[in-house]
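For reference, the structure discussed in these notes is given below.
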Amino acid sequence: MASIDLDKVLDKAWADKGLPEILAAPVSALRGVSDRDGELLQEAFGVTSVADLADLKYARWAQALAALDTASK
């Protein structure tokens, strides 16, 4: 089972929320992602939530390429 330290990946206002609420949250709920970053993601890719960002095919492609690189070492 996967686990993650929510205090390290979420802004403090979101760290005590449940997973469904976090996935529905704007991407600015992620630590280091500004409101402006969220606006740009929406303009460029239609991303409005954490779940949308997770489903973004370009992010998945980049993760797959990085995993291939790690596997080849």
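State which residue pairs qualify: first residue closer than 12 Å to VAL27 by Cα and inside the stretch 38-49, second residue charged (D, E, K, R) in any location, beta carbons under 9 Å apart, and separation of 6 or more residues or different chains.
LEU41/ASP52; GLN42/ASP52; GLY46/ASP52; VAL47/ASP55
Within the stretch 38-49, how many residues are loosely packed, with under 12 Cβ neighbours inside 10 Å and either of a type in the set (A, V, I, L, M, F, W, C) or closer than 16 Å to ILE4 by Cα (or both)?
1
Could you tell me which residue of the stretch 10-37 is nearest to ALA59 (Cα to Cα), considering only residues that are open to solvent by less than 50 Å² (accessible area, probe 1.4 Å), of a type in the set (A, V, I, L, M) and in contact (Cβ under 8 Å) with a residue 12 or more places away in the chain?
VAL27
Quick one: would you say LEU53 is in a helix (DSSP H, G or I) and surrounded by 15 or more Cβ atoms within 10 Å (Cβ to Cβ)?
yes
Here's the yes/no breakdown for (1) modelled with pLDDT under 95; (2) of a type outside the set (Asp, Glu); (3) part of a loop (DSSP other than H, G, I, E, B):
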{"site": "LYS8", "(1), (2), (3)": "yes, yes, no"}
{"site": "GLY32", "(1), (2), (3)": "no, yes, yes"}
{"site": "GLU43", "(1), (2), (3)": "no, no, no"}
{"site": "TYR58", "(1), (2), (3)": "no, yes, no"}
{"site": "ALA62", "(1), (2), (3)": "no, yes, no"}
{"site": "THR70", "(1), (2), (3)": "yes, yes, no"}
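Collect the residues in the stretch 42-73 that are of a type in the set (A, V, I, L, M, F, W, C) and closer than 22 Å to ALA15 by Cα, keeping them in residue-number order.
Once the filter is applied, which keeps residues that are of a type in the set (A, V, I, L, M, F, W, C) and closer than 22 Å to ALA15 by Cα, the stretch 42-73 yields VAL47, VAL50, ALA51, LEU53, ALA54.
The values are calculated or read from the model by the stated rules, or taken from the named source; none is laboratory data. Keep in mind it's a predicted model, so treat the numbers as computed, not measured. All Cβ positions, even for glycine, are placed from backbone atoms using ideal geometry, and neighbour counts span all protein chains on display. Please note that ligands, DNA and RNA were not included when accessible areas were found on the heavy atoms of the full protein model with its side chains. Shrake-Rupley method; radii C 1.70, N 1.55, O 1.52, S 1.80 Å.
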